[in-house]
Each structure stands twice: as C-alpha cells, then as structure tokens.
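The values are calculated or read from the model by the stated rules, or taken from the named source; none is laboratory data. Keep in mind that this is a model prediction, so the values were computed, not measured. Note: ideal-geometry Cβ built from the backbone for every residue, glycine included; neighbour counts use all protein chains shown. Surface areas here come from the heavy atoms of the whole protein model, side chains and all, with no ligands, DNA or RNA. Shrake-Rupley method; radii C 1.70, N 1.55, O 1.52, S 1.80 Å.
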Amino acid sequence: MPCQVTPAVSGSIFALMIRALLFSLVSTSLASAAPMKFDFGGDASVDAFHRERGSGFEIGAIPEKAGGFITAAGPFLFSVILPEGNYNVTVTLGDPNGVSDTTIKAESRRLMLENIVTAQGRQVTKIFTVNVHRPDIAGGGHVKLKDREKNCLHWDDKLTIEFNGTRPCVSRLEITPAPDAPTIFLLGDSTVTDQSYEPWNSWGQMFTRFFKPGIAVANFAESGESLRSSLGANRVAKVESMLMKGDYVFVQFGHNDMKDKREDALAQYEKNLTALVKRVRTKGATPVLVTSMERKAGVTKSTHGDYPDTVKRVAAAEKTPLIDLHAMSQTLYAGLGANLNSAFQDGTHHNNFGSYEIAKCVVEGVRKRVPELAKQIADDVKPFDPSKPDDPSAFKVPASPMKDPTKPDGN
Ligand SMILES: *[C@@H]1O[C@H](CO)[C@@H](O)[C@H](O)[C@H]1NC(C)=O
Ligand SMILES: *[C@@H]1O[C@H](CO)[C@@H](O)[C@H](O)[C@H]1NC(C)=O
Ligand SMILES: *[C@@H]1O[C@H](CO)[C@@H](O)[C@H](O)[C@H]1NC(C)=O
C-alpha cells in the first residue's frame, strides 16, 4: 500500500515540463538561501496541494482563515516541494482571541514540537530543524526502496508538516535551508524507522523533539532490515554519501540479523559493523552503536542471542560510544510493570507512547555517552531514569491521521 493519500502526478509531458521549471525556480531561490515565507495570517493562500504551485494542504483538513491565523477542527498537513537537505522551519503559533495548543510533526510523523500551548492573545515563534531526503545517491545509484516505502512522505520530493492538537493555530511559516546543520543519521530496523502509519511508532521519529533546533535527524532505518540488507539496499551507502564532519551515525541492528542462519552470520556482522565504524570516522563523523531494545517477551531474559554483546564488543574495540538500549529497555519494561502493554503494539513494535519512552532512553544514553552531542539536548528535557517511566495515561502526543493496521516487516 502506498504511503500517500493524494494521487500521484500525471506523467504527461506538459506536467513534467512545469515540474522541471518549478524545480529550477525552487533551486534558484534556495541557492541564495532565501527563506520561503507563508503568511497564512496575511495574504498567503490556503488551498489544497497542487504540484504546479509546489505547495498546499493535503491528507488532513484544509484549514480556515480565522483573523490572523489558520485553524481546523482536525489535523492539517502542509506540503512544499523542496530539494534534499536540512531546513530550519520557523513557525508562529497562537490566537489573539483564545488559547491555542499545537503539536507539530514533519514528514512521516516525526515529532518536532510537542503540545505548544499559548494563552489568549499570545503568540510564540518556534524553530525546528528537519531533514528531507530522496532515494538518489550523489555520485550514482539509489536506495532500493521496498514497495511499502514508495511515495512515503519521508522519501517523496516534498517537506510535509503536520499540525494537530486540541486547537492548532498557525499564522506564519518560514522555511530556510540549513545545509550546515549537524545531522544525526539513523540506521536500523522497524524499531528505529519513521513508521508511516498509526498505531505503529519508533524511537527515531520521536528523537528530534528532544534536541535543540539546529540539529537534524535523518532516519535511514527501515522495517525488516538487518545490517546485511541495509548494506545491500544501499541505505548505508546513502548515509555515507551525505556524511559531513561533525555528524553522527547511530546504528541499531540485531532484530532481523539474528534470523540469518548462516554459520558465519554473527562473525560477518561483527566484521561489517567494525568496518562501518571505521568508514564513518574517516568522514570526521562520530559512530554511536546502540544495542537493540528488548521485545515484549524480553523483560527478564534476552531474546537477541549474542547480538547485543557483539555490538558492545565492537564499540569497546573501536572505542566508540555505546548506548546500551538493550539493558535500558529491560529496566524500562520492568518499571512499566502492569502498564507494559501500553508501550507495545505487538510483541516487537511500539506505539507512540512506547517509542517516546524508548527515545528518552536513547537521549539519556546520549547524555551519558556522547558528551559533545549532549550539549544539544533541548533545555526542557530532564534526565530520565528508565526504572521510572512516564505514566501512559498522561501521554498527550496526538495521533496522526495516517492509519494502517498492517504489521510492519520484521519482528
Ligand atoms: C537554523 O537554526 C539554528 C537554531 O536556531 C541556528 O543556530 C542556525 O543558524 C539556523 N540556520 C540557518 C541557516 O538559518
Ligand atoms: C558483510 O558485508 C559483505 C560485503 O559487503 C556482504 O557480502 C555480507 O552479506 C555482509 N554480511 C553481514 C552479516 O552484514
Ligand atoms: C489529531 O488527529 C487525530 C487523527 O486524525 C484525531 O483523532 C485527533 O482528534 C486530533 N486531535 C487531537 C488533540 O488528538
């Protein structure tokens, strides 16, 4: 099932020509790094997405103008066609005549701003940094997407921003290329990837919310992937092609690797993980190895065989930061006790609450093990003790309108 709700573009020559023209216009304006401005409280139009115009609202409601801002009774999603890269998005939120409460996600449900509340008559301006990427690899080749990824919001040619909450009120949006923003690249499986649909969710798509603006998270994990298949699908090559000095690469594999029954599978995994660590370093970037979080059945016993220990051994041998999510997740699950089911959608995959708690564990790992990056943790993020998880009934991140009960690949 394709990820996008709107129909694909017509392939007519005319449409393609307009598209090419649009791309050149967009890239010309971006070359000068001029921000794209949408003054919804003023004269910016509020219409459905049109490829020829290059922007507009899709999937959710078309919001209405309401005296200096736009709002809708349900979630609304604004899309802009943009080249691959990192962008700073500056949003102005609030209602002159009432309170507002807005949560913002980007691309495939990546949490950017959580429950921003403004009092009556107040406006706030917030910045978040978002990564937009395509399958093409600079220098040749492309990521071999699975069918389920084709046309996903995180692989298409647009930046999509989702507004939801009890009363989302948006007056302005400014999008500025941020090519120098340090990037945290993620490689991993279904427990890391940007899951396109409710009720599934993974920590990689909650991660941005915990960092200050100016840091981008670029998620190249995918459901069902192992280190071996990520290498084969050119996901690793794509990340390597984009790496710059000062970037980070978080690697969390194991769930699907352990199903490789070849006699030398684990030895190859160790060798390939070591080689990846070394290659990331040659670019001046920092590899961070993350052990796989446990499955629901793994509160007191490991279901991951020798994989977590192998990851630890590589981190120690290469003297690169290790985040022992495997151990932290067991502590978290034990801490959830009778609430354990409230974090899971099946025996392996998490829901919004579960992935938010797992993301907090990874952020805590950053705080302890990756000191340079820890400086970029958002000021409102307090140290997290996995043995004392949040109360699931107090969790307020609203669900997205994109839904599909189909289980993600991998387990
Ligand atoms: C993007 O936002 C960050 C955080 O506010 C800021 O430090 C950086 O300079 C911005 N980049 C651009 C190109 O505006
Ligand atoms: C390791 O890398 C080699 C060479 O790229 C590849 O053929 C093999 O499938 C990989 N194995 C694993 C377990 O990553
Ligand atoms: C957010 O969007 C979801 C999905 O469409 C909807 O069920 C919900 O009512 C919206 N608002 C809040 C506050 O959750």
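To check you understand DSSP bridge types, tell me what percent of the beta bridges within the stretch 182-394 (both residues inside) are antiparallel, rounded to 5.
Numbers: 3 of 18 bridges.
Looking only at bridges with both residues in the stretch 182-394, the antiparallel portion is about 15 percent.
Pairs 238/319; 259/360; 144/245; 261/403: which are spaced more than 31 Å apart, C-alpha to C-alpha? Walk me through the numbers on the way to the answer.
Working: 238/319 25 Å; 259/360 28 Å; 144/245 26 Å; 261/403 34 Å.
Those over the limit are 261/403.
For the chain, find the longest principal axis of its Cα atoms and tell me its angle to the long axis of helix 352-369, 0 to 90°, nearest 10. The helix 352-369 is inclined about 70 degrees to the chain.
Using the alpha carbons alone, the radius of gyration of the stretch 230-366 stands to its Kirkwood radius in an Rg to Rh ratio of 0.98.
Please figure out what share of the DSSP beta bridges in the chain is antiparallel and state it in percent, rounded to the nearest 5. Taking every DSSP beta bridge with both residues in the chain, the antiparallel ones total about 75 percent.
A probe of 1.4 angstrom, applied to the heavy atoms of all protein chains, finds residue 125 with accessible area near 90 square angstrom.
Report, in debye and to the nearest 20, how large the dipole of the chain comes out about its Cα centre when Lys and Arg carry +1 and Asp and Glu carry -1 on their Cβ.
Values: 48 positive and 47 negative charges, 133 e Å.
Charge dipole of the chain: 640 debye, to the nearest 20.
How high is the relative contact order of the chain, given as a whole-number percent (alpha carbon pairs under 8 Å, six or more residues apart)?
Value for the chain: 16 percent.
Rounded to the nearest 10 degrees, what's the angle between the helix 13-31 long axis and the longest principal axis of the chain, both from Cα atoms, 0 to 90? Once rounded, one gets 80 degrees. Working note: Karplus 6.51/-1.76/1.60 with θ = phi - 60° gives the stretch 390-397 the couplings 5, 7, x, 6, 9, 6, 10, 5 Hz, where Gly and Pro are set to x.
The trypsin sites (Lys or Arg not before Pro) of the stretch 272-306 that DSSP puts in a loop, and whose beta carbon has at most 12 other beta carbons within 10 Å, are 301. With the biggest extent put first, the Cα atoms of the stretch 110-213 measure 51, 33, 22 Å across the principal axes. In order along the stretch 199-214, phi translates into HN-Hα couplings of x, 7, 7, 9, 4, x, 8, 9, 4, 4, 3, 8, 10, 5, x, x Hz, rounded to whole numbers, per the Karplus curve 6.51 cos²θ - 1.76 cosθ + 1.60 with θ = phi - 60° and x for Gly and Pro. Checking the cross-link pairs 150/278; 126/375; 212/283; 158/296; 375/407; 158/212 against a 27 Å limit on the alpha carbon distance flags 150/278; 158/296; 375/407 as lying beyond it.
Remark: C-alpha extents of the stretch 154-304 on the principal axes read 59, 39, 27 Å, sorted largest to smallest. Between residue 62 and residue 212, full extension at 0.36 nm per residue minus the direct alpha carbon distance yields a gain of 51.0 nm. Taking label points 7 Å from Cα along the Cα-to-Cβ direction, residue 50 and residue 73 give a separation of 2.7 nm.
Remark: the residue 39-residue 271 segment gains 78.3 nm on full extension, using 0.36 nm per residue and subtracting the alpha carbon distance.
Shown here: the chain, whose C-alpha atoms stretch 63, 49, 39 Å along the first, second and third principal axes, sorted largest to smallest. Potential lengthening of the chain between residue 117 and residue 387 amounts to 94.3 nm, from the contour at 0.36 nm per residue minus the alpha-carbon distance.
For 82, 266, the ranking by accessible surface with the largest value first comes to 266, 82, using a 1.4 Å probe.
Peptides 151-162, 338-349, 188-199: what's the order by average Cβ count within 10 Å, highest mean first? Write out the running numbers ahead of the final one.
Values: 151-162: 21.8, 338-349: 16.3, 188-199: 25.2.
Final packing ranking: 188-199, 151-162, 338-349.
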